[in-house]
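See below for the structure under consideration.
Please treat every number below as a calculation from the coordinates, not as lab data. Given the structure is predicted, the values throughout are model-derived calculations rather than measurements. Positions of Cβ are generated from backbone atoms using ideal geometry, with glycine treated the same way; all protein chains shown enter the neighbour counts.
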Amino acid sequence: MSIHAPEANWFKPPSGAERTWIGLALAWCLVLSIMMPYWHFKGKQNSTGDSYRVTPAAFAARVEQFVKTNKVAEINGVPVVEPSPGGDAYLQGQMWRWYPALKLRVNQTYRLHISSTDLQHGFSLQPMNMNFQVLPGYDHVLTITPTMKGEYSIVCNEFCGIGHHLMTGKIIVE
Amino acid sequence: MPENEEKAAEVFAHEHEEEEHKTPGTVVLTLALLISFAVYYFANWKALADVWHVR
Amino acid sequence: MANAVAIPASHEESEVITKPVGNHAAGNSRTCDTTGLPVCLTAQLFIRLNAVLGVVALLAGGIAALLIALTRWPAVHLLDPVWYYRLTTFHGLNMLIFWILFMEVGILYFASTTLLNSRLFSKGMAWASFVMMVAGAVLVDVTILGGKADVMMTSYVPLKAHSNFYLGIILVAVGTLIGVANFFGTLYIAKRDKTYAGSVPLVVFGATAAAIIAVVTLLHGALVMIPTWLWSMDILKEVDAGWYRLVWWGLGHQSQQVNVCAMVSVWYFLATLTTGAKPLNQAVCRGAFVLYILFINLASAHHLLVDPGVGASWKIWNTSYAMYLAVLASMIHGFTVPASVETAMRKKGHNRGLFGWLAAAPWKNPGFSAFFLSLLIFGFIGGITGVTLGTQQINILAHNTLRIPGHFHSTVVGGTSLAFMGLAYYVVPLIFKREYYARGLARVQPYLFAVGIVLMSLGMSFAGSYGVPRRHWDIEFTGAQFAPGFGSGAHVMLGLMGVGAVIAFVGLLTFILLTVAAVFFGKKIENRAMTPW
Amino acid sequence: MAVKVHPIQRLMDNPWLLLALGIIVPFLSYTLWGWIDMASMPKATLP
């Protein structure tokens, strides 16, 4: 009984169906654990946590400079900025907007720096549905390659105060 | 010594026999779990392979 | 009992044992008329107190649950944003922390006294623990409802709440830690006083695993909450956002691993109580608990898989709980628990076909149905989604979407809470010594709750697969600069979630009303066994 | 009567050893390693 003390010498190796199941489960667990390193080397989607320490002020200044030099248009009063293919792009999360809007070329790779100047935010690209955490003080660098053309929205999926659900942004891929 | 060991093995084998349980229903239940697990898990890898490349 | 001096018991406890037994003082223990197990009356008092407070927290959190679910159901969209975010904070803390911790301290007291035939280590510590937990929980709830802590359960810095919010959590954590220490103290005196021979029973072993994980959890809680509390009072200048997340999840996720351990112990307990099941192999069951103790806490990394600051090696190693050894443990329990029931039922002659034993199981006993449904929901929905979401790269698709609450509502609610409800159907007759009214309703209640939670979890999970964020007031983005919007599929799923939530709430309310009625007004059980379910 | 107890059973019968291991393993693997990762994060150069 599981509520009474077991017999004095209860240790015995598993047997029968129980033993088979443990073997099967262990094999499945090994498959699970091999999948991650496998994808790390062979897969195209990885979150490696590439990041650098940065002050919010320094990051905001760099974003401003990026907007000034690379702005190509404006939508809804938000500057649309086009980084050079293969280069660095900057995105600032703040209460409550993603700044600026980005214009990227399909199948080009960018180093997308994301950080926050106030609270924690959640970068959530829709309807592609890719999600990354954004922290103040951390320059989170995603080496990203858009593989499909289209207009994508960024929503915030980390609670950041009362206007959280209004925090949106845009990425256009051409 | 070998005799003792033999005896011990015998006792163990005997206990073993007594303790053998038949649980075919549980086996089917857990196999169903394993199969649904594998289907959901690999469907997610497939979905992941379809999004933008990132590192 | 034969040569006990016949002193009439002065109060309701008619079967109180009036001479010292084992390490119990005279008049401080009784024998349960149903199970024949010894009950320490000090432990009994605190099991009752903790159970009552647990149910109060469950009711508070449950009302909030209904309101926020009706807000996230786009067709209803009930609350304004302020109260939506406020009650989401309130719901999380009352359900995930208070309800569960109160119940778990009660379970620890029960397992270490009754099942080990021992007295409780310290009445003073039990009081200290209880008072601190209640004070902390009240402080947190008052601060939240007063609008001074709209920070979600996670209170990620630099989002700041009133200092009383952090103080309340510290009080709850320290109070729980004292309760856990009381458990370890009882383990120690039981061994010293030789109240049992050989190894502890399996349920006590599982409770020990839960207690060990609780220690790790609460140490992380102290480590993160004390600096944050100082920061909220401007004594400390800054708490780093990444550091906070790392240590906070050592509290936030690990506390849920305490639930897993406690729940599995309750499965074994209820399986024994309702079907006479006994574990096929003690070494296998205990070995699985040891794997939990060693590795399950690494799963806190699941929350940091798309975070900056921690590298890929750390993420992969920890998210796999060191090669998925804790998943292996759950899969082992997932076999041994039903296998023990199957063996017990077959021994009783229910041998027809593959599932004759299952069909003949006591499905009308809410203790059994709650336990078995908990097992199925936890395994098939909670386990599978959890491991998938917790895969380092797959997390890119899931982080902070509704898939996350979809997962943990099937583990913590469909799993742990449902199992604890099943436990209550025995705790009330055996510890409160009261009968349930409306037993027909009690028989239906676990099914009602389970169906609601399954619909709700699946609705959330699949809405999250469409990208719907968690903790989000308006997925129509009314008034936002860019309005992403979500398709009809997401809306259907959110509707499913809403319907499920309403059904689950009805099930929850049924449970609470039945239990409150039984505890305060139920027919007393004196000198007789409980009416079997 | 001295019964030979299997070493694994002896380990499982010792809650204090399990408590120590249960604290040390996650602390080293999750918490300390995590801190080291964060502390060794370089400063941003922002090209």
Roughly how compact is chain C, stated as its Cα Rg over 2.2 N^0.38 Å to two decimals? 0.96
Each residue of B:35-45 has, on average, a number of other protein chain C-beta atoms within 10 Å of its C-beta equal to 6
Packing-based exposure ordering (other Cβ within 10 Å, fewest first) of C:285, C:32, C:261: C:32, C:285, C:261
GNM result for chain A, Cα springs below 10 Å: residue of A:30, A:119, A:91 fluctuating most strongly: A:30
In which sequence would C:289, C:368 go, from the one with the fewest C-beta neighbours within 10 Å to the one with the most? C:368, C:289
Mind checking the mean number of beta-carbon atoms from other chains within 10 Å of the Cβ atoms in C:406-419? 0
In order over the range C:151-163: 3J(HN,Hα) from phi, Karplus 6.51/-1.76/1.60, θ = phi - 60°, whole Hz, x for each Gly or Pro, gives 10, 6, 4, 6, 6, 4, 5, x, 5, 10, 10, 4, 4
Amide H of residue A:81 versus every other amide H placed in the peptide plane: which residues, excluding those fewer than 5 positions away on the same chain, fall under 5 Å? A:72, A:101, A:102, A:103
Calculated FRET efficiency, residue A:41 and residue C:478, Cβ-Cβ r, R0 56 Å, to nearest 0.05? 0.80
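What FRET efficiency do you get for residue C:19 and residue C:531 if R0 is 25 Å and r is their Cβ-Cβ distance, rounded to the nearest 0.05?
Efficiency for this residue pair is about 0.25.
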Spacing of the two label points (7 Å from each Cα toward its C-beta) at residue D:45 and residue D:10, in nm: 5.8
Kindly write out, for the range C:374-391 in residue order, the coupling ³J(HN,Hα) from the Karplus curve 6.51 cos²θ - 1.76 cosθ + 1.60 (θ = phi - 60°), rounded to whole Hz, with x marking Gly and Pro. 4, 4, 5, 5, 4, x, 6, 9, x, x, 5, 5, x, 5, 5, 4, x, 7
What is the order of A:3, C:17, C:293, B:35, fewest Cβ neighbours within 10 Å to most? B:35, A:3, C:17, C:293
P(r) weight above 49 Å for the protein assembly as shown, C-alpha pairs, percent: 19
Given Cα pairs under 8 Å that are at least 6 residues apart, what percent is the relative contact order of chain C? 14
Once you place label points 7 Å from the Cα toward the Cβ at residue C:127 and residue C:513, how far apart are they in nm? 3.8
Between residue C:354 and residue C:488, the two model label points (7 Å from Cα along the beta-carbon direction) sit apart by a distance in nm of 3.8
Run through chain D and list the trypsin sites (Lys or Arg not before Pro) located in a DSSP loop whose Cβ has at most 13 other Cβ atoms within 10 Å. D:4
Determine, for each peptide in C:113-120, C:225-232, the mean count of other beta carbons within 10 angstrom over its residues, then list the peptides with the highest first. C:113-120, C:225-232
So for R0 = 56 Å, FRET eff. of residue B:31-residue A:118 from the Cβ-Cβ r, to 0.05, ends up at 0.65
Helix A:16-42 against the longest principal axis of chain A: what's the angle in degrees, Cα atoms only, rounded to the nearest 10? 20
Where only alpha carbons of chain A are counted, the Rg and the Dmax (Å): 23.5, 79
Too-long pairs where the Cα-Cα distance tops 20 Å, listed order kept, from A:71/A:103; A:44/A:149; C:278/D:4; A:149/A:170: C:278/D:4
Mind pulling the per residue volume of the convex hull built on the Cα atoms of the range C:391-533? Å³ is fine. 124
Taking amide H positions as placed in the peptide plane 1.01 Å from N, state which residues far from residue A:45 in sequence (5 or more) or on other chains have amide H under 5 Å from it. B:54
Which of the pairs A:42/A:68; C:19/C:364; B:22/C:523; A:68/C:148; C:237/C:315; B:22/B:46 have their Cα atoms more than 32 Å apart in this structure? A:42/A:68; C:19/C:364; B:22/C:523; A:68/C:148; B:22/B:46
Along the range A:69-79, what does the Karplus equation 6.51 cos²θ - 1.76 cosθ + 1.60 (θ = phi - 60°) give for ³J(HN,Hα), rounded to whole Hz, x for Gly and Pro? 7, 10, 5, 10, 6, 8, 10, 6, x, 9, x
Among DSSP beta bridges whose residues both lie in the range A:37-145, state the antiparallel percentage, nearest 5. 70
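Restricting to the protein assembly as shown, what percent of DSSP beta bridges are antiparallel, rounded to 5?
Antiparallel bridges: around 75 percent, rounded to the nearest 5.
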At a 10 angstrom cut-off on C-beta neighbours, averaged per residue, how do the peptides C:121-133, C:503-515 rank from highest to lowest? C:503-515, C:121-133
Report the per residue volume, in Å³, of the convex hull enclosing the C-alpha atoms of the range C:274-350. 95
